[in-house]
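Structure first, then comments.
Coordinate-derived values only; no laboratory data. All values reported here derive from a predicted model rather than from experimental measurement. Glycine also receives a Cβ, built like all others from the backbone with ideal geometry; neighbour counts cover every protein chain displayed.
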Amino acid sequence: MSKKSKFFFIDCSEAADCCNKAQYEEANFLDKAKLYIHLILCKTCRKFSQRNSKLTDLLDKSKIEPCPEEKKQQWREEIKKEFAEERT
Ligand SMILES: [Zn+2]
């Protein structure tokens, strides 16, 4: 592998880092480009990033809405389901 292509082909742990940064808008253009390339190539990380953004959505929603207990319970169930699916 040439130095240049190695620069763009990151491993899974680095991709997870970029993904987390992207969630919090801390990723720069290069991080996003590298993550994007990795997600095209790596099925595992694609799944991880999808789950990650879903979880962030859930957290956002639960913060914005005045949250009744039964709604909170619903978020918990959904999160639990996500992780259960991951394991099977
Ligand atoms: Zn990966």
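Below are the figures for this structure:
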{"quantity": "Distance violations [Cα-Cα > 24 Å] among 47/80; 21/47; 34/72; 32/80; 32/81; 43/72", "calculated": "34/72; 32/80; 32/81; 43/72"}
{"quantity": "Counted charge near residue 28, where neighbours are those whose Cβ lies closer than 11 Å (Asp, Glu -1; Lys, Arg +1)", "calculated": "0"}
{"quantity": "Under Karplus coefficients 6.51, -1.76 and 1.60, residue-wise ³J(HN,Hα) of the range 13-28 in Hz, glycine/proline x", "calculated": "5, 5, 5, 4, 4, 4, 5, 5, 4, 4, 4, 9, 6, 9, 6, 8"}
{"quantity": "Förster-model FRET efficiency, 25 Å R0, residue 26 and residue 85, C-beta, rounded to 0.05", "calculated": "0.35"}
